[in-house]
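The values are calculated or read from the model by the stated rules, or taken from the named source; none is laboratory data. Note that the structure is a prediction, hence the values are computed from the model and not measured. Ideal geometry is used to build each Cβ from the backbone, glycine not excepted, and the neighbour counts take in all protein chains shown. Just so you know, the surface numbers come from the protein's heavy atoms only, side chains and all, with ligands and any DNA or RNA stripped out. Shrake-Rupley method; radii C 1.70, N 1.55, O 1.52, S 1.80 Å.
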Amino acid sequence: MASRSAIILSAFCAMLFALPLHAQDAKADKAPPHPAMAGFLAELSAGDLDGAAANISRIGDFGDEKFFAFEPTREELVAFLAGCELVAGDYGLTNQTATPLQKTEWDCAEGQRYFISMLPEDALVIRVDRARPYLWVASIETAESRAAREAARLAEQVSRRAAFGGMVPPPPIPVVFSDEEQRALRERDERERIEAHSNRDAVGQAVLSGQLDAIRTFATEETRARYAIRDPFFDVSIEQARGKGADSAVALLKQAIEELGTPESVECHLSEQKFGPHVCRWGLSNSQNGLLAEMYFRGPGGSLNSFTVLRETPVETAEFRQRAMEAGVIDG
C-alpha cells in the first residue's frame, strides 16, 4: 500500500499540474526560488553539471511517468537543460506556507518548449529547520505530452461519469461497521502485520545466505524496486536506478552486493517512523560499507509493494558531510 504522504503528495501535485504557469493570484507577491531550486539553477548556469545533478533526488514517482516527454537519468536531464534557455519560472507566492512546485519553462533545440516542475524534498515536512538541497522532478512536459495527459484525465472522468449514468459520481458514503466487523478487521490487520514481520525476516535471511532469488516469493509484477544512496544529514534518498517486478528487485540487490561486499550478518526491524517501512541492514565483508533495504508489504500473505535498496560508502558519506558543513547543518 502506498504511504499516506505519497497519496497526499500525488493529490497535491495533480491539482498544481493542472494550473497554467501564471494562473496564480496576480495580486500576491511572487516568491523567489526555493533554496534547492536556486542552487540547482546557479550550478546549471555556471556549467557545474555534476553539482546540478547532485541536487536531484529522483525523477518521477507520481504514477504518470508515461506522460513525460522523455524519461532521463538525472545526469541526462541536466545535460539536456544545459543546452536550453530558462524563459519563465513560477516558484509560488510569498504568503503560502506550503512549499509549492517549482514550475519552469525552457526553450530548447529546434524551438521546442519544455515545462518542467520540481518539488523540493521539504514539501511534506511539517517543520523545516533547514532547507534540504534536493529537488524531486515531478513532471517533464511539452505541449504535446501535456495535452496527452489532460486527454487521459478527461477520458477517465468521462468513464467514471458513464458508470453513474452521466452524472457526477456521488461522494463516498461513510461505512459503518458493526462490532463484529470491526473485530474481524482488527484480526485481519494483526494477521497481515505478523505476515509482514515474518516475510521481512525471511528476506533478510535469504540475502544473508546468498539466496537472492528467494525475494521472488514475495515480489509481484507491480513491486516497485529502487536503488538509492541515503544522505544521512538531510535524511533524503538519492535514487540511482529503478525498476518494477521481481527481476528488477533481484538485479538491483545483486548490483549493490557486487559494489559493496558480501553480507555476513543481518538485523531487521520495523521503522519507528509513523507508516514507516520494514528495514533490514546487513553487515558486509567490507565493513566500511553499509547495505540496507526498506520494504513495504501489503495484503494477505504480505507481498512486496516496494523494495528500496540503500547503499552507504565512506566516499559518499564524506561528500554528504561536506555539503552539510557548507550548509551550516553540522560543525564537522
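Counting only protein chains, not ligands or nucleic acids, how are 58, 130 ordered by accessible area (probe 1.4 Å), most first? Don't jump to the answer; show the numbers that get you there.
On the way: 58 55, 130 80 Å².
Sorted descending by solvent-accessible area, the residues read 130, 58.
Loop-only GluC sites (Glu not before Pro) in segment 233-332, please: DSSP not H, G, I, E or B, and at most 14 other Cβ atoms within 10 Å.
Working: sites: 239, 258, 259, 264, 267, 272, 294, 312, 316, 319, 326; in loops: 272.
Hits after loop and neighbour filter: 272.
In whole angstrom, note down how far apart the Cα centers of segment 302-332 and segment 278-292 are.
14 Å
Using protein chains only and a probe of 1.4 angstrom, how many square angstrom of residue 161 are accessible, to the nearest 10?
Probe radius 1.4 Å; accessible area of residue 161 about 100 Å².
What distance in nm separates the two pseudo spin-label positions at residue 288 and residue 144, each 7 Å out from Cα along the beta-carbon direction?
Rounded to a tenth, the inter-label distance reads 4.9 nm.
Under 14 Å from the Cβ of residue 254, count the other residues' Cβ atoms, weight Lys and Arg +1, Asp and Glu -1, and hand me the total.
Working: positive: 216, 311; negative: 213, 247, 258, 259.
Residues close to residue 254 contribute a combined charge of -2.
Which of the lysines could a cross-linker bridge to residue 254, judged by Cα under 26 Å and excluding same-chain residues fewer than eight apart?
Straight-line reach from residue 254, under 26 Å: 244.
Which value, in Å² rounded to 10, gives the accessible area of residue 213 with a 1.4 Å probe and all protein chains present?
90 Å²
On the accessible surface of segment 173-317, probed at 1.4 Å, how many percent belong to carbon and sulfur atoms? Mind dumping the intermediate values first?
Values: 3820 of 7850 Å².
Here carbon and sulfur together make up 49 percent of the probe-accessible area.
What do you reckon, how do 223, 217, 317 stack up by accessible area (1.4 Å probe), largest on top? Don't jump to the answer; show the numbers that get you there.
Details: 223 0, 217 110, 317 50 Å².
My answer, sorted largest first, is 217, 317, 223.
Using a 1.4 Å probe and ignoring any ligands, DNA or RNA, find the accessible area of residue 173 and quote it in Å² to the nearest 10.
140 Å²
With all protein chains present and a 1.4 Å probe, how do 154, 208, 41 order by accessible area, largest first?
Details: 154 75, 208 55, 41 35 Å².
Putting 154, 208, 41 in descending order of accessible area: 154, 208, 41.
Taking the simple approach of a point 7 Å from Cα along Cα-to-Cβ for both residue 272 and residue 319, what is their distance in nm?
Roughly 3.0 nm, to one decimal.
All other residues with a Cβ under 11 Å from the Cβ of residue 74 taken together, and with Lys, Arg as +1 and Asp, Glu as -1, what is their net charge? Write down the numbers at each step before the final one.
Working: positive: 58; negative: 50, 75, 76, 239.
Charge balance near residue 74 sits at -3.
Over all alpha-carbon pairs in segment 224-332, figure out the percentage whose distance exceeds 18 Å. If you can, show how the numbers build up before the last one.
On the way: 3167 of 5886 pairs.
More than 18 Å apart: 54 percent of the Cα pairs in segment 224-332.
Taking a probe of 1.4 Å, how large is the accessible area per residue of segment 266-328, in Å²?
Numbers: 3210 Å² over 63 residues.
Result: 51 Å² of accessible area for each residue.
Quote the FRET efficiency, to the nearest 0.05, computed for residue 217 versus residue 45 with a Förster distance R0 of 56 Å and r equal to the Cβ-Cβ distance.
Numbers: r = 50 Å, r/R0 = 0.89.
The computed FRET efficiency comes out at 0.65.
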